[in-house]
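Scroll down for the structure; my scribbles are underneath it.
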């Protein structure tokens, strides 16, 4: 079976590529290295470096339409910076994703799309919180229709605050757990965006990958949340690192809660196995 992973040199994508190769699949990564890294390359994966918006011209030159499954992870994926990066959000999440769908149609491949759990909150449902969330939610509506119109097998996967090996540690695209680990290592204060009581369902990347494998194998035409049912506030996580904490002002798009939508994933037989507390104790 041949599998294409867009964003395969990124945090989640590289972990997925590693698992797929170890399971014996023929794997190709297609990545523009916006947040991906050469350091994330895995032996046995074919890597193609290209920019997602240029699928219009280049995807048909770079790739033969012979894939069975396409995991589409290669989009812009940060909430707060998306207010300043709207052009990137449009290029990667709108233009790029349309071209991936066109390629999936040409391949007659099943597509697994990485949605955003940021739309699931207890305050309200919807996509008005940030350009990133808007782009992801409107993509899902289009993907469902496009796949139904063209008889393409698909599934939507929602990730919940992923942590683990190959996270980005520094810069505006850094993930929370990796950023805290890095600051702890450097002896710096941990910065927490006010009010600090915002809660998240932190989920280890190994559990995410296990869910993606199951969804590709057994999930069809539906939405599947992959998230740990245990939640922690950002302030609680910072306290686990046993460091001095510095509070930062509130930011646009920062939601206070998120709601787990994982019943369909549980029905496939998926359950999280990794604990955030144990991970922090091992790595702090």
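Figures for the structure shown
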quantity	calculated
Which listed residue, of 221, 225, is in contact with a strand residue (DSSP E or B) (Cβ under 9 Å, 6 or more places away or on another chain) and crowded, with 23+ Cβ neighbours inside 10 Å	225
Residue that is nearest to residue 203 (Cα to Cα), among those in region 139-169 that are modelled with pLDDT of 95 or more, in a loop (DSSP other than H, G, I, E, B) and in contact with a strand residue (DSSP E or B) (Cβ under 9 Å, 6 or more places away or on another chain)	164
Which listed residue, of 246, 278, 282, is in contact with a strand residue (DSSP E or B) (Cβ under 6 Å, 6 or more places away or on another chain), loosely packed, with under 15 Cβ neighbours inside 10 Å and not in a loop (DSSP other than H, G, I, E, B)	246
Residues of region 60-79 satisfying the condition of being more than 22 Å from residue 20 (Cα to Cα) and surrounded by fewer than 15 Cβ atoms within 10 Å (Cβ to Cβ)	60, 61
Qualifying strands (runs of 3 or more DSSP E) (wholly inside region 1-116; at least 2 residues being under 25 Å from residue 129 (Cβ atoms) and modelled with pLDDT of 90 or more)	110-116
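Residue by residue, here is whether (1) modelled with pLDDT under 95; (2) within 23 Å of residue 78 (Cβ to Cβ); (3) touching a helix residue (DSSP H, G or I) at 6+ places or on another chain (Cβ under 7 Å) holds:
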residue	(1), (2), (3)
198	yes, yes, yes
208	no, yes, yes
232	no, yes, yes
242	yes, no, no
253	yes, yes, yes
268	no, no, yes
281	yes, no, no
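The values are calculated or read from the model by the stated rules, or taken from the named source; none is laboratory data. Bear in mind the structure is a predicted one, so any value in this text is a computation, not a measurement. So basically every Cβ, Gly included, is an ideal-geometry build from the backbone, and we count neighbours across all protein chains shown.
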